[in-house]
Structure formats: structure tokens, C-alpha cells
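K.L.:
Input: one structure, supplied below.
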């Protein structure tokens, strides 16, 4: 009788393990190859038998390989439970959370319901046991922080990180700095923080500034086509500085110079003729034979005066036109809003007998 009971125990355990696997809907979906399915099932049976015997140390490797080959909610929940039992609380609770969040059939089998219920109880009991570790370090460029050799994302620096209870090695490194590290021990449910400091390495080589210029990246064909499709921007030509039209000024100055020269010549001739007549006309009274010469001298004197007047007026007008010259008529048509110097737009010279007239439009 006793021998029969010894045989019945292992046989019953194996039967229950196989029943749990057959009751798991995941094993009914034959997506993987037959060989993979058979191997996963064999590993799962062995792992579940070891877990039921409270031998999680040997059960974990078999359950891990079975889960990699073929996912099963029953196997995954027992793997998470074994992780918790060997002290890997963070990994175990995350697996249990994942199993409990998975969509389940509308009417799960009693075996699956029992496995999920067991997973929830293990999760609730394990969560308060998880410890917390906060790493504080002044951030530097290309800094890397590791806990037990595992890289910690930069976003988790100065933030509480869930860790398993026990000893942990924390280290931080960065180029040009001396590596800094510390060991910290946390108990179940304990929250601790560790502060690390990076000191510059005096023996670190100083990087020389790079003088190599990267070649300009050639634009893609799409960018070239897009640039060719767009019309080239029209750049207005620079404003051309045009010289003012001083033709009228030069004409007036020429007339003025000619007038002065003519006035000087006529004045000299008038003086000479007056000197000749003075010897023949005592007391400025000339005889009838010299009357024509006297009238000619008077006319020549008048002409000299007029020439001097015209010359002076020409010089004045030419000077004014030189400094108030505006662009030509074509230029004025192109720039109708341009203002003229001193507001003078047109000047006129009038010469008559006994008068010289200078006028302009403003």
C-alpha cells in the first residue's frame, strides 16, 4: 500500500501539470512548428513539476525556455511566482502584471482561473516588498549610470527606481572624468538614495579642435527637382546713379563768358574811339563831320554795356543751373517722385535793349 502511494504522488502531480497545460487556451493555437510546440510542452511540464515541488531555482531556466518557445499564461504566471520566490521581485511582479492584463476568453477554464487567481495573490504579496533606489548625480555630457552592470536610462536619474532587496553596485562614468561608484544595501520595502560625484580626470587627454570641414551634403534628387520647379527669385537691379543734366548750365556759362569777352572788346574799342574823338571835339562838342563817329562810339558803348550784362547774367544763370541740375527728361519719367534740388525746375534768361532778365519756375 505504501509503495502504491509513493507512485501515486508523482503520477498525480504530472497529471495535474499536463491538465493545466491542456486547459491553457494558448496551447490550443498551433501557430508554431510541431517540434517547437512539443519541446516547449516538455520544458513546461518539467518546470511546473519543479515549481510545484518548491524548487524554483531549477524550475526557472526550464520555464524561461518554455516561455520563449511558446507563450502560456499558466507557464508565465508560475515563472513570475518563481522569480518572486528567488528574490527577483521586480521581474516577477512585471511578469505577473503582464499575465493578468492579457485578454482572457469569455469563459476561462477552472484551471486557468485558478492560475490567474494564484498570480494575483502572489503579486499583491510581492509589491510591498519591492525596494526603491534613487540615484543623484550632476549630469555631464555622455554620462552613463549603471546599477549592477545594467545601464540606467537618463530619464530615471534622480527618480526612484524599483529594485530587488539586497546589495547593489551603482557606478557612473563619463569621458574626461574619474569613474565613481558606491555599494548600497536595501531591505524589503526600503527606500534609499545614493549620491555620486564625478571629478575631472587630470590625466585625460584633451581633444584637439577638429579642423576638418565636412563636405557639403549633396541635396537629394527630390530637393533638386523641387528647387528646379520653383521660379528663381527676381532680384531688382541696383539703382543706377545717373549724372545730372548740366547742358543748360554749360550753355549759359558759355553765353556768359562770350558776353564778358564781347563786352570787354567793345568797351576797349569804345574807349579808343572816345579817345580819338576827344582831340577833335573840345568840351565834348563835335562838329558835323565827326557826328557819325560820335554816334557810333555811343552805340558801341551801349553794346559793350549790354554784352557785359549778358555775360554777367549768363555766368549767374550757369552757376545756378550747374548746382540745381536734375536728371534728363527720360530719367524724370522713370523717377517721377524724385525731388529737384532747391525746388527749381526751369530757369530762363531774357536779354533786351537796356535790360537783362533772369527768371525761373519754382
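The numbers here are math on the coordinates, done by the rules we state, and not lab data. A quick note: this is a predicted structure, and the numbers were derived from the prediction, not measured. A quick note on method: Cβ atoms are made from the backbone with ideal geometry, for glycine too, and the neighbour counts reach across all protein chains shown.
K.L.:
Spin-label point model (7 Å from Cα, Cβ direction): what's the residue 134 to residue 155 distance in nm?
P.N.:
Label at residue 134, label at residue 155, 2.0 nm between them.
K.L.:
Find the relative contact order for region 110-168 and round it to a whole percent, using C-alpha pairs within less than 8 Å whose residues are 6+ positions apart.
P.N.:
About 40 percent, as a whole number.
K.L.:
While we're here: How do 143, 300 line up, fewest other C-beta atoms within 10 Å first? Show your work: numbers first, answer last.
P.N.:
On the way: 143 16, 300 20.
By the 10 Å Cβ count, ascending, the order reads 143, 300.
K.L.:
Please report Rg over Rh for region 131-200, where both radii come from the alpha carbon positions and Rh follows the Kirkwood definition.
P.N.:
0.96
K.L.:
Given Cα pairs under 8 Å that are at least 6 residues apart, what percent is the relative contact order of region 131-200?
P.N.:
Values: 147 pairs, mean separation 29.3, N = 70.
Normalised by residue count, the contact order of region 131-200 is 42 percent.
K.L.:
Another question, then. Express the relative contact order of region 43-105 as a whole percentage, based on alpha carbon pairs under 8 Å and six or more residues apart in sequence.
P.N.:
It rounds to 27 percent for region 43-105.
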